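J.: Below you'll find the structure I mean.
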Amino acid sequence: MRIDRKRLEEVRRRNDVERLLVFGSVARGEETEQSDVDLLVRFTKRKSLLDLVRIEREFSEALGRKVDLLTEGSLSPYLRDQILGQAAVLYERAA
């Protein structure tokens, strides 16, 4: 899957994204036409549930595929290492 980084950047900037990772089948290069895009995000500011739903939709529109958006705080401790171990960084704000 080819990721349009310009459109991704627009969504990222609008929504105060500090770190953005892709994981799952897209990160492993095993996606199919039906695959969704799994994104793990960290924001600079706290987001409401409605914000998260809107941001997930914006990323879906930018990528042309369904997106599953997870925050770092929502990761199951049982899956955290597995997800982070296969994730690819799409954006990380410099310290």
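J.: Within region 67-84, can you find the residues that are closer than 25 Å to Glu33 by Cα and within 11 Å of the chain's Cα centre (by Cα)?
T.: The answer is Val67, Asp68, Leu69, Leu70, Thr71.
J.: So, Glu18, is that one touching a residue at least 12 places away in the same chain (Cβ under 8 Å), touching a strand residue (DSSP E or B) at 6+ places or on another chain (Cβ under 7 Å) and not in a loop (DSSP other than H, G, I, E, B) or not?
T.: yes
J.: Only one of (1) in contact with a Lys or Arg (Cβ under 8 Å, 6 or more places away or on another chain); (2) touching a residue at least 24 places away in the same chain (Cβ under 8 Å); (3) surrounded by 13 or more Cβ atoms within 10 Å (Cβ to Cβ) is not met by Val11, so which one is it?
T.: Here Val11 clears every test but (1).
Coordinate-derived values only; no laboratory data. Worth saying up front: this structure is predicted, and the values here are computed from it rather than measured. Cβ: placed from backbone, ideal geometry, glycine included. Neighbour counts: every protein chain shown.
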